[in-house]
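Only one structure is covered here, and it is reproduced in the block below.
The values are calculated or read from the model by the stated rules, or taken from the named source; none is laboratory data. The structure displayed is predicted, hence computed values, not measured ones. Every residue, glycine among them, receives a Cβ derived from its backbone with ideal geometry; neighbour counts consider all protein chains shown.
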Amino acid sequence: MFKNLLVTGGCGFIGANFIRYLLEDSDFTGRIINIDKLTYAGNPENLSGIESSFPDRYLFAKIDICNKDEVTKIFENYQIDSVCHFAAESHVDRSIVRPDTFIQTNIIGTFNLLEVARNHMNNIQLFHHISTDEVFGSLGKEGYFTEDTPYKPNSPYASSKAASDHLVRAYHKTYAMPITISNCSNNYGPYQFPEKMIPLMILNAFDGNPLPVYGDGLNVRDWLYVRDHCTAIWMIMKKGIRGETYNVGGSNELENIKLVKMICDILDEHKRLPDNHLRNELVTFVTDRPGHDRRYAIDFSKLKSALGWSPEESFESGIKKTIQWYLDNSDWIDRVKSGEYLSWVKEHYG
């Protein structure tokens, strides 16, 4: 169906998992062209072994999606017929400190991709845009985000993603570009950069370091195992109605403090701290961040009823797999935390 699929941000957490899924475990038979700027969270090691295992079906180029000329060359050199757009600045805390980077990458970068795709409309079968539930704002104790929930973003990150969603939708309405959009809940799993909540808590708890929890710890998130997200994206790309948006959730609502304590309990069962203290004692409540949304929860009944997708992992099974992956990949963690891989990127890609 798709012969030359452009994946943007494919060295990041979700993008790398998606590429691995497509090449190793799905029915995809085409070629993937992965472009990534390789910022601090874009790690080529996330795709270690892929290029050698699939030499005729995987290509990588270090390119910033904000560089329209370079993106145009990729479209023309590789006859791109489809796009799966992951590339984005995605950390809320960073967006509060440096919103300009988020505006540039998430809005201008998406605009550049859409413009290049529009200039090659004769070849484009699909432009799939990956977004977030944070564009919808915050929920109270009841209710769920649906595809019809009005946008009400509360952070620079969420606002930049909302803007990019609107651009993608507008290109469908204005230029008849074949698009689909997916808005997902919080992802977790292998290869996630350690600044994010779950890997941060796993690594801090394992080492016996403080576990910083915002506010009262009662903020609620719906957690989605990254592999489940990848299967949903591929199903939407293959079978989703062009011009439609699909929510992707994990049916795993959890208060932050309960999540942290669950991680602590699993690690305590694996290996106690040297002083025999319980890791729950490491929890440290810190000042809440500005504009911290209270609750997210996704209604993915449209995706389930229309395309037959449901997540395979419960949170209990997914978090155990995730913790085990981090315990088994200490070398990857050490290189990421030390910045060693950034030196490797500079040496190999300039």
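Some notes on this structure:
- Condition met for P212 (farther than 28 Å from S182 by Cβ and touching a residue at least 12 places away in the same chain (Cβ under 8 Å)): yes
- Qualifying residues in segment 7-33 (those that are among the polar types (S, T, N, Q) and part of a loop (DSSP other than H, G, I, E, B)) - the one farthest from the chain's Cα centre (by Cα): T29
- Those residues of segment 65-81 which are assigned to a loop (DSSP other than H, G, I, E, B) and surrounded by 19 or more Cβ atoms within 10 Å (Cβ to Cβ), in sequence order: I65, I80, D81
- Residue within segment 231-252 that is over 17 Å from T180 (Cα atoms), not small (G, A, S) and not in a loop (DSSP other than H, G, I, E, B) present: no
- For segment 80-90, the criterion of a residue being modelled with pLDDT under 95 and at negative phi is satisfied by at least one position.
- Taken over segment 270-296, the criterion of being closer than 16 Å to H229 by Cβ and aliphatic (A, V, I, L, M) is satisfied by no residue.
- In segment 55-77, residue farthest from the chain's Cα centre (by Cα) [restricted to those that are within 18 Å of T39 (Cα to Cα) and hydrophobic (A, V, I, L, M, F, W, C)]: V71
- K304 satisfies every condition listed in (1) touching a residue at least 24 places away in the same chain (Cβ under 8 Å); (2) under 19 Å from C184 (Cβ atoms) except (1).
- Condition check for F2: in a loop (DSSP other than H, G, I, E, B), surrounded by 20 or more Cβ atoms within 10 Å (Cβ to Cβ) and over 20 Å from the mean Cα position of the chain (by Cα): yes
- The set of residues from segment 4-40 being at pLDDT below 95 and of a type in the set (A, V, I, L, M) comprises just one member, L38.
- Subset tally (residues that are surrounded by fewer than 21 Cβ atoms within 10 Å (Cβ to Cβ), closer than 18 Å to Q192 by Cβ and among the hydroxyl-bearing types (S, T, Y)) for segment 290-323: 1
- Matching helices (runs of 4 or more DSSP H) fully within segment 270-350 where at least 2 residues are among the aliphatic types (A, V, I, L, M) and at pLDDT 95 or above: 301-307, 315-328
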